[in-house]
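Trainee: Before I ask anything, let me first share the structure, which is written out below as structure tokens.
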Amino acid sequence: MIDKYGRNINYLRVSLTDRCNLRCIYCMPEEGVQKLHHQDILRFEDVVKVVKATAKIGINKIRYTGGEPLILKGIDKLIHETSKIEGIKDISITTNGILLYDSAEELKKAGLNRVNISLDTLKEDRFYKITRGGSLKSVIRAIEKCISLGYGQIKINSVLLKGINDDEIENFMNLTKELPIHVRFIELMPMGEAFGIYEKGSIKCDEIIKKFDSLISVNNEKSSTAELYKLPNAKGMVGFIRPISCKFCEDCNRIRLTSTGTIKPCLHSEEEYDIKKYIKNEGILAEVLKKIISNKPSEHHLEEQGSLSAKMMYQIGG
Ligand code: SAM
Ligand code: SF4
């Protein structure tokens, strides 16, 4: 469906939970988050109803995220149900990869097309510190398994953190020489836990693009959030996601559903619409969604004002 600024909105990101098995320093409070009441969280059957309604108005790509989506039992069934919805052409997940090794095969059979794996360091002790307790080994073997299973376009997303992982940028890029993966660097966004480290810890992608002059620019899909490059003769790609230094609002094609049943038409805007009460009625739900999409904000003001979102990254899912 086309919004009032002429953008084709065809992509829904769904945060299935705000809980996580890690506590990344820029995302989740160390003590974790308060558990929500069961009745306040969408059940998978509600999620399927919302996806069906969005598919009727032009959504054809779904990404399941979190918190951590793979801590949820039955996600394979959700993916299978999603794959049966008419109009849905692409199903992906964003995961920290900790539980992916054991579920990758089942999820692929269920209909999962693509995986994005978040990984900020290739050093075991550093991984433990950044994630406050995670094991790097489990993520690495999950990536290897996804490659061997033949998942399409595996993306490794790495948040740039000055003084924490910026000495590993080249090592990350070098992964693409031999592996058919996209390594994408993401600028730290000033929201939630990240506010505390933003001033000292943020790096602009420009600095890196300038420094690595062997990177060759690659033509890109218009609605892609990442600017793509390639190292000479590399099997994979290097991407830069620059929500701060180079906004992609003009080509934004997505809306977000949170686990508490709200729609966020823009990641960083305060706008959020509770659609839980409409879920039972497919017709009304589609009408409400149409209105929300049509009025999607033109852009965010992250650089000037920080994020205005009442929800944190672990509640929205990226
Ligand atoms: N738990 C899953 C994971 O880590 O992939 C999915 C949810 S997580 C919130 C989605 C993505 O948001 C991760 O790649 C994470 O690194 C990123 N993220 C979280 N807080 C961020 C921030 N302040 N700035 C930039 N990216 C952030
Ligand atoms: Fe969990 Fe993902 Fe946030 Fe890390 S970035 S704490 S893995 S939700």
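The values are calculated or read from the model by the stated rules, or taken from the named source; none is laboratory data. Predicted model, so just to flag it, every value in this text is computed and none were measured. For neighbour counting, all protein chains shown are included, and Cβ atoms are generated from backbone atoms with ideal geometry for every residue, glycine included. Heavy atoms of the whole protein, side chains included, go into the accessibility calculation; ligands, DNA and RNA do not. Shrake-Rupley method; radii C 1.70, N 1.55, O 1.52, S 1.80 Å.
Trainee: Which members of the range 58-102 meet the condition of being among the acidic types (Asp, Glu) and either within 16 Å of ligand 2 (Cβ to nearest atom) or part of a strand (DSSP E or B) (or both)? Show your work before the answer.
Mentor: Step one: of the range 58-102, the residues among the acidic types (Asp, Glu) are 68, 76, 81, 86, 90, 102.
Correct list: 68, 90.
Trainee: Quick test for you: out of 100, 119, pick the one residue that is open to solvent by less than 70 Å² (accessible area, probe 1.4 Å), under 24 Å from residue 43 (Cα atoms) and not hydroxyl-bearing (Ser, Thr, Tyr).
Mentor: Numbers: 119 fails: under 24 Å from residue 43 (Cα atoms).
Within the list 100, 119, the selection yields 100.
Trainee: What number goes with the only condition from (1) open to solvent by 40 Å² or more (accessible area, probe 1.4 Å); (2) within 16 Å of ligand 2 (Cβ to nearest atom); (3) touching a His at 6+ places or on another chain (Cβ under 8 Å); (4) of a type outside the set (Lys, Arg) that residue 197 does not pass?
Mentor: (3)
Trainee: Tell me yes or no: at least one residue of the range 5-27 is open to solvent by 60 Å² or more (accessible area, probe 1.4 Å), over 17 Å from residue 260 (Cα atoms) and hydrophobic (A, V, I, L, M, F, W, C).
Mentor: no
Trainee: Also, quick follow-up: Among residues belonging to the range 261-304 that are assigned to a helix (DSSP H, G or I), more than 15 Å from ligand 1 (Cβ to nearest atom) and modelled with pLDDT under 90, point out the one that is surrounded by the fewest Cβ atoms within 10 Å (Cβ to Cβ). Reasoning before the result, please.
Mentor: First, pick out the residues of the range 261-304 that are assigned to a helix (DSSP H, G or I): 276-278, 282-294, 302-304.
In the following step, the residues that additionally are more than 15 Å from ligand 1 (Cβ to nearest atom) were identified as 276-278, 282-294, 304.
The next check asks that each one be modelled with pLDDT under 90; those that pass are 282-283, 304.
Numbers: 282: 14, 283: 10, 304: 6.
Here the residue is 304.
Trainee: Failed condition for residue 209, given (1) surrounded by fewer than 16 Cβ atoms within 10 Å (Cβ to Cβ); (2) closer than 24 Å to residue 251 by Cα, with all others met?
Mentor: Condition (1) is where residue 209 drops out.
Trainee: Now a separate question. Within the range 89-121, can you find the residues that are away from ligand 1 (no atom under 15 Å from the Cβ) and in contact with an Asp or Glu (Cβ under 7 Å, 6 or more places away or on another chain)?
Mentor: Selection gives 106, 110, 113.
Trainee: Can you say whether residue 206 is part of a loop (DSSP other than H, G, I, E, B) and either closer than 30 Å to residue 113 by Cβ or over 20 Å from the mean Cα position of the chain (by Cα) (or both), as far as the supplied structure shows? Give the derivation first.
Mentor: Details: part of a loop (DSSP other than H, G, I, E, B): no; either closer than 30 Å to residue 113 by Cβ or over 20 Å from the mean Cα position of the chain (by Cα) (or both): yes.
The answer is no for residue 206.
Trainee: Of the conditions (1) crowded, with 17+ Cβ neighbours inside 10 Å; (2) touching a Cys at 6+ places or on another chain (Cβ under 6 Å); (3) assigned to a loop (DSSP other than H, G, I, E, B), residue 240 clears all except one; give me its number.
Mentor: Tallying (1) crowded, with 17+ Cβ neighbours inside 10 Å; (2) touching a Cys at 6+ places or on another chain (Cβ under 6 Å); (3) assigned to a loop (DSSP other than H, G, I, E, B), residue 240 fails exactly one: (3).
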